[in-house]
Amino acid sequence: MVQAKTWVLTRHFEGFPKDSNFELKLEQLPEPKDGEVLLEALFLSVDPYMRPFSRVRMKEGEVMIGTQVAKVIQSNNPAFPVGCHVVGRCGWRTHTVSDGTGLTCLLSDWPQDVSMSLALGAIGMPGLTALYGLEEVLGLQAGETLLVNAAAGAVGSIVGQIAKIKGCRVVGSSGSDGKVAFLKELGFDEAFNYKTVSSLEEVLKTASPDGYDCFFENVGGPFSSVAIPQMKEFGRIAVCGSISTYNDTNPQTGPYPHLTMIFKQLKMDGFMVGRWEHKNPESLRRLMAWKREGKLQCREQVTEGFENMPAAFMGMLQGENIGKAIVKV
């Protein structure tokens with residue numbers, strides 16, 4: 001019998017998460033039955049979506065939601081033999097008994113010199129989010145100008161690089177000088193620290209005097225209120241996240257963009273990556289090919305130790321990570 005470590009949500013978050021919102025527990029797992037497998041976590045993901053989704057998808061006392069890369073260590077399911085590696089929405093736990101539902105095997109030809117943790121980042125959900133936001137939502141075309149905020153994060157850093165692959169001009173915003181330097185390494189045409197500029201409106205105008213064809217929105221709040229008027233006529237906006245509002249105790253209000261959207265005939269679409277799940281196998285291979293060709297840099301911020309899951313999660317929400325935040329068990 002295997003003992004799993006789990007992180008439980010003791011109370012729903014009010015404002016910014018605290019250590020007291022989490023409790024580390026031990027759980028005795030049964031032997032896998034017919035059709036089941038026993039998984040051992042290798043890498044776990046911490047992502048911004050966990051903050052708002054925990055309120056609507058979880059009850060207090062449940063294991064925190066999340067995705068992991070795991071190794072099959074016992075199997076009574078021929079689809080997942082012992083030794084294979086899978087991505088699964090198993091939550092914050094070291095071991096899981098699963099009937100295979102929701103498990104996805106890593107690419108069969110996953111290169112040995114590429115860390116499997118990237119299946120939680122650039123060659124996983126964040127990479128797919130970037131790709132589908134650009135292609136399916138924005139319909140980004142060569143020669144267009146794209147604005148992306150939270151640009152040094154797990155999604156934003158991939159958004160900018162794919163846009164450059166497609167022959168676009170890219171302007172990125174981030175929250176530290178170190179992140180700005182990282183964006184310039186990635187080939188962003190313009191990058192700035194929104195925390196230190198004297199006027200967000202002026203820096204956006206200077207970066208692209210003619211405006212923006214597309215805006216990949218990860219932040220929301222005041223940034224969005226300033227950016228939307230900088231769109232070109234018939235501009236398109238993909239709303240992927242709103243991290244500036246996730247920890248608010250009182251909801252933010254206005255200004256409201258409706259007249260700007262009418263006068264400029266803008267299109268704004270909210271989206272979640274699961275809409276195009278049927279395309280994932282081909283899309284993951286495209287992302288891996290770009291990685292192998294050197295067109296996609298995949299920065300990670302790795303925290304060692306399962307006991308540090310809450311700290312990694314809170315650090316990510318505070319913007320401490322460059323690229324994808326990962327916990328290595």
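Read-outs: derived from the displayed coordinates by stated rules, not from any lab. Fair warning: this is a prediction, and the values are worked out from it, not measured in the lab. Here Cβ is always computed from backbone atoms with ideal geometry, including for glycine, and neighbour counts include all displayed protein chains.
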Open item on the list: Please list, ordered by chain and number, the residues whose modelled amide H lies under 5 Å from the amide H of E300; skip anything fewer than 5 residues away on the same chain.
Closed with: K324
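Send over the semi-axes of region 45-127's equivalent ellipsoid, whole angstrom and largest first, taken as the square roots of 5 times the C-alpha gyration tensor eigenvalues.
Equivalent ellipsoid semi-axes, largest first: 23, 17, 9 Å.
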Task: Stokes-Einstein D in µm²/s, Kirkwood radius over Cα pairs - region 140-226 at 10 °C with 1.306 mPa s viscosity - done: 126
Task: For region 172-329, the Rg and Dmax computed from alpha carbons only, in angstrom - done: 17.7, 52
Task: Packing rank of 40-52, 288-300, where each peptide gets the mean count of other beta carbons within 10 Å, highest leading - done: 40-52, 288-300
Task: Label zone at V302 (point 7 Å along Cα-to-Cβ), backbone N below 12 Å, region 43-57 - done: 43-44
TODO: Please work out the Cα convex hull volume for region 82-139 and give it in Å³ per residue.
DONE: 123
- [ ] Pop the C-beta distance of E136 and F16 into the FRET formula with R0 = 22 Å and round what comes out to the nearest 0.05.
- [x] 0.10
TODO: Just need the Rg to Rh number for region 243-314, please, alpha carbons only, Kirkwood Rh.
DONE: 1.11
- [ ] Kindly list the residues of region 72-116 that lie in the label zone of A289, defined by a backbone N under 19 Å from the point 7 Å along the Cα-to-C-beta vector.
- [x] 107-112, 114
Task: Hydrodynamic radius by Kirkwood, which averages 1/r over all alpha carbon pairs of the chain, in angstrom - done: 20.7
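Based on the Cβ-Cβ distance from L24 to A181, what FRET efficiency comes out when R0 is 35 Å, to the nearest 0.05?
Taking R0 as 35 Å, the efficiency between L24 and A181 is 0.45.
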Open item on the list: Show me, for region 241-250, the HN-Hα J-couplings you get by feeding each phi into the Karplus relation (A = 6.51, B = -1.76, C = 1.60, θ = phi - 60°), rounded to Hz, glycine and proline as x.
Closed with: x, 8, 4, 5, 10, 4, 9, 5, 7, 10
TODO: Please give, to one decimal in nm, the separation of the simple spin-label points placed at Q74 and F271, each 7 Å out from Cα toward the Cβ.
DONE: 4.2
Open item on the list: About the Cα centre, and with charges only on the beta carbon of Lys, Arg (+1) and Asp, Glu (-1), how big is the dipole of the chain? Nearest 20 debye, please.
Closed with: 260
Task: Length gained when the stretch C105-N250 is fully extended (0.36 nm per residue, less Cα-Cα span) - done: 48.0 nm
Task: Which of V273, C240, F263, positive extreme of dipole for the chain (C-beta unit charges) - done: F263
- [ ] In vacuum, with every alpha carbon of region 139-188 counted as one equal point scatterer, what does the Debye formula give for log10 I(q)/I(0) at q = 0.21, 0.32 Å⁻¹? Two decimals, please.
- [x] -0.61, -1.25
- [ ] Inverting the mean 1/r over all pairs of different Cα atoms, compute the Kirkwood radius of region 37-187 and quote it in Å.
- [x] 17.2
